[in-house]
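Chemist: Structure in structure tokens, see below.
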Amino acid sequence: MKFNSDEIASVIQKEIETFESKMDVREVGTVLEVSDGIARVYGLSGVMSGEMVQFPSGVIGLAFNLEENSVGVIILGDYLTISEGDEVKSLGKLLSVPVGDGVIGRVLDPLGNPLDGRGPVESTEQRPVEVIAAGVAERQPVHEPLQTGLKCVDAMTPIGRGQRELIIGDRKTGKTAVAIDAILNQKDTGVKCFYVAIGQKDSSVALVIEALRKYGAMDYTTVIVSGASTPAPLQYIAPYSGTAMAEHFMFNGQHALIVYDDLSKQAVAYRQLSLLMRRPPGREAFPGDVFYCHSRLLERSSKLSKELGGGSLTALPIIETLEGEVSAYIPTNVISITDGQIYLQPDLFFSGIRPAMNAGISVSRVGGAAQIKAMKKVAGGLRLDLASFRELEAFAQLGTDLDPATQARLDRGYRMVELLKQSQYAPLSVYDQIMSIYAATRGFMDDIPVKSVRDFEAKYLQFMRDRKNDIITKLKDTNDLTAEVEAGIRAGLDEFKKGYKPVA
Amino acid sequence: MAEQTQHQTALDGDEQQVGALYAKALLGAAGGKTDEIVSQLEAVVTECLDRFPALEQAFGSPNIAQEEKEAMLDRIFGGKLDRLLLNFIKVLCRRGRAESLRAVQVTASMLRDEQLGRLHVQVTSALVLDDAQRSAIRAQLKTAFGKDAVLEESTDAALLGGIVLRIGDKVYDGSVLGKMQQLRQSVLSGVQRSMRSNFDALISS
């Protein structure tokens, strides 16, 4: 490959010919001090809060604190290139990131610069990072389901398009895994996915990107990375810039899913900035507006009204708790902002129940509105059944003799728990989920040994796909568990069970 | 670093506020002799305080009795300064605000400029300006801002040509260097744009 120098020369010539020089008028200030990610600037008397400023090295900053005699600037880049006495100029615009189809499939930093070595981002449009969320009149209630492909989530805490569902749990309980499976399941649905990694180890982000590539999810996913070693200002703005990119699709009538992994680290980055800026610390040394920091972010996820195209942005924020402490400051804040939470518990995780969702305290405040009819019928009482099973199980561990009815409920409970286990990177379509859960809740698995349940499920679903495809098609067409479909599934189950041998 | 010395304002917010308060009072009391008082105050700061930091420390020191300070002031400035200004400095010492003297001076001359409608402009040029250029700049500033400009000149050969004006926090860059940087930016972005739009034309196999 060689560059054609004549062509390039003509491009340059054209640029020079059309060059119009205007008097460059700029507002300037002087750097007084620089510290970890922030600078204090004297001057810039007309700068506005949130306005971009530029340092001589080309690094961009944001006016963060406007004080009587100085301006506090957060530095979005390498602050070591800035020194005392440097001239800072205000750019008169707000921070924006590239948006559009060009960002899909890319790995970007929070300013929209590529990190994947695949050249510049090809996009002509920009969108400001901080915008106010859509108002009441511009929205409609959440009604379409967003399938995560996880049986326990889709059956018990369904998520709708436009909902904010928090994933909360201790370290190493599979929070990211739930979010990644949800992204993988958006294949061929037209939902654009955004994964925002905040303050994470670069190695774990690399693993996530690798998994997304391997399962073909990078075709519709953008990863925004601000790792543990990036300066706090970039970690702080990363979720906002990811949301700006996702919002572009929402406002164009499309659907998007965004995962913030995780917001506790963003809160810590924001705390660092605020303390360096000498804003007064509050509870756990977080600044007073840390709630607003998260609420204005999550409020931007919404289901737009029909007049605005009916697009949606679904958010899956992740919060890491310490020793299961959900009543700490940041977890309670985000729980109260979101429309429900998926609570992952370490003891469930280590006893092999994965995803380790605690059905009792996980909720979705949107509920059945975000489920298709058939799923609503099949999984209606599942959450309560499982909760009462947990109670019964604790009681049965005392070793008392049980009457046959109680024993039968226990047995079904064990099978249900076994059925809700699911391996990573293996999301199930909602129709498969309906057929599995139907089999368990209607007692078709009661005579299958617990350890064979997952084998039974896999073979049964394969059988249905191979032999009873017409039933699945009917289910897909109606999205409802009509008498005809139900009879078909029952017949299929009876037929399959005749030939099924449990694993030894 | 040269830039920084141009900001003479104290960055200590309290001190600046106190200074502004006293400066207003001083100008109010000065009446007809304002210009004289302001220039004498400037002389006190530049010729005494800047040259003898120990003096400033002595005025601010709580170890030295007020009577002693006043006697010292009389000995140093007696007869040389306007009576009013001397009294003013004594009042400052008595109130324990001697360390605000610089802030008072800066604000006083700023207030005086405002009263007279004067505009302080820092002019940077590649070569030393001649009188015709100076008056041209002044005339232009007079039409643009309606104020008489006080030019503070400096030269910077790196500008290559043209001038850069700085008024307060605003910089008006009319230098050749600035124009060349603008040109460089637009050529760069133009080439980038055409590389994106028709990449093939720029490549010869």
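Chemist: Scan around A:ARG164 for amide H atoms under 5 Å from its own, H built in the peptide plane at 1.01 Å from N, and keep only partners 5 or more places away or cross-chain.
Modeler: For A:ARG164, whose amide H was placed from the backbone, the distant partners under 5 Å are A:ALA315, A:ASP339.
Chemist: Further, regarding this structure: Can you give the local net charge around B:ILE37? Use residues other than it whose beta-carbon is closer than 12 angstrom to its beta-carbon, Lys and Arg +1, Asp and Glu -1.
Modeler: Value of the local net charge: -1.
Chemist: Here's another thing I want to ask about it. Which whole-number value in Å³ per residue fits the convex hull of the alpha carbons of chain A?
Modeler: Enclosed volume per residue, from the Cα hull, is 197 Å³.
Chemist: Over chain A, what is the mean sequence separation of C-alpha contacts under 8 Å (at least six apart), divided by residue count, expressed as relative contact order in percent?
Modeler: The normalised contact order for chain A reaches 15 percent.
Chemist: Counting other beta carbons within 10 Å of each Cβ, put B:SER197, A:SER70 in order, fewest first.
Modeler: Exposure proxy ranking, most exposed first: B:SER197, A:SER70.
Chemist: Using the Cα atoms of the range A:33-119, I'd like the radius of gyration and the largest Cα-Cα distance, Dmax, both in angstrom.
Modeler: For the range A:33-119, the Cα-based Rg and Dmax read 14.5, 45 Å.
Chemist: Let me ask you something else. State log₁₀ I(q)/I(0) for the range A:155-272 at q = 0.16, 0.21, 0.23 Å⁻¹ as given by the Debye formula over alpha-carbon point scatterers of equal weight, solvent excluded.
Modeler: Here log10 of I(q) over I(0) equals -0.76, -1.31, -1.50.
Chemist: Under a Cβ-Cβ cut-off of 9 Å, what is the net charge of the residues other than A:PRO427 that fall near it, where Lys and Arg count +1 and Asp and Glu count -1?
Modeler: 0
Chemist: Fewest Cβ neighbours within 10 Å first, please rank B:LEU73, B:LEU141, B:LEU26, A:LEU398 accordingly.
Modeler: Fewest to most other Cβ atoms nearby, the residues stand as A:LEU398, B:LEU73, B:LEU141, B:LEU26.
Chemist: Using label points projected 7 Å from each Cα along Cα→Cβ, tell me how many nm separate A:ILE132 and A:GLU17, to one decimal.
Modeler: 4.7 nm
Chemist: Based on Cα coordinates alone, diagonalise the gyration tensor for the range A:288-438, multiply each eigenvalue by 5, take square roots, and list the semi-axes in whole Å, largest first.
Modeler: Semi-axes from the Cα gyration tensor: 33, 22, 13 Å.
Chemist: Then there's this: Taking the Cα atoms of the range A:420-504 alone, what are Rg (to one decimal) and Dmax (as a whole number) in Å?
Modeler: Rg, Dmax (Cα atoms, Å): 12.5, 39.
Chemist: Which loop trypsin sites (Lys or Arg not before Pro) in the range A:89-123, with loop taken from DSSP, have no more than 12 other Cβ atoms within 10 angstrom of their Cβ?
Modeler: Answer by residue number: A:ARG118.
Chemist: Given the options A:SER45, A:ILE434, A:TYR79, identify the residue whose Cα lies farthest towards the positive end of the charge dipole of chain A (+1 on Cβ of Lys, Arg; -1 on Cβ of Asp, Glu).
Modeler: The one lying farthest along the dipole's positive direction is A:ILE434.
Chemist: What lysines could a cross-link reach from A:LYS451, if we take a straight Cα to Cα line under 17 Å and drop same-chain neighbours fewer than 8 places away?
Modeler: Excluding near neighbours in sequence, the set is A:LYS421, A:LYS459, A:LYS497, A:LYS501.
Chemist: Whole angstrom only: what separates the Cα centroid of the range A:385-455 from the Cα centroid of the range A:115-167?
Modeler: 33 Å
Chemist: Using only Cα atoms, locate the centre of the range B:54-76 and the centre of the range A:4-82, then give the distance between them in Å, rounded to an integer.
Modeler: Going from one Cα centre to the other spans 47 Å.
Chemist: With the crude spin-label approximation of a point 7 Å out along Cα→Cβ, what separation in nm comes out for B:LYS33 versus B:LEU55?
Modeler: Placing both labels 7 Å along Cα→Cβ, they lie 1.9 nm apart.
Chemist: With a 10 Å Cβ neighbour count serving as the proxy for reagent exposure, in which order, fewest first, do A:ASP170, A:ASP261 appear?
Modeler: A:ASP170, A:ASP261
Chemist: Here is a further query. Roughly what % of Cα-Cα distances in chain B sit above 24 Å, to the whole percent?
Modeler: Pairs farther apart than 24 Å: 58 percent.
Chemist: Using the Cα centre as the reference, give the magnitude of the dipole from point charges on the C-beta atoms of the range B:49-144 (Lys, Arg: +1; Asp, Glu: -1; all else neutral), rounded to the nearest 20 debye.
Modeler: In total the dipole reaches around 200 debye.
Chemist: Now for a different question. Amide H to amide H, which residues 5 or more places from A:ILE318 or on other chains are under 5 Å from it, using H placed in the peptide plane?
Modeler: Distant-sequence amide H within range of A:ILE318: A:ILE167, A:TYR260, A:LEU263.
Chemist: Now for a different question. I want to check the label-to-label distance for A:ASN479 and B:ALA71. Put each point 7 Å from Cα in the C-beta direction and report it in nm to one decimal.
Modeler: For the pair A:ASN479/B:ALA71, the computed spacing is 9.8 nm.
Chemist: In debye to the nearest 20, how big a dipole does the range A:257-336 give about its Cα centre with +1 on each Lys and Arg Cβ and -1 on each Asp and Glu Cβ?
Modeler: 360 debye
Chemist: List the residues, sorted by chain then number, that are 5 or more residues from B:HIS120 or on another chain and whose placed amide H is less than 5 Å from its amide H.
Modeler: Placed amide hydrogens put B:VAL150 under 5 Å from B:HIS120.
Every read-out reported here was derived from the displayed coordinates using simple, explicitly stated rules and does not represent laboratory data. Computed from a predicted structure; not experimentally measured. Counting neighbours? That spans all protein chains shown, and the Cβs are built from the backbone with ideal geometry, glycine included.
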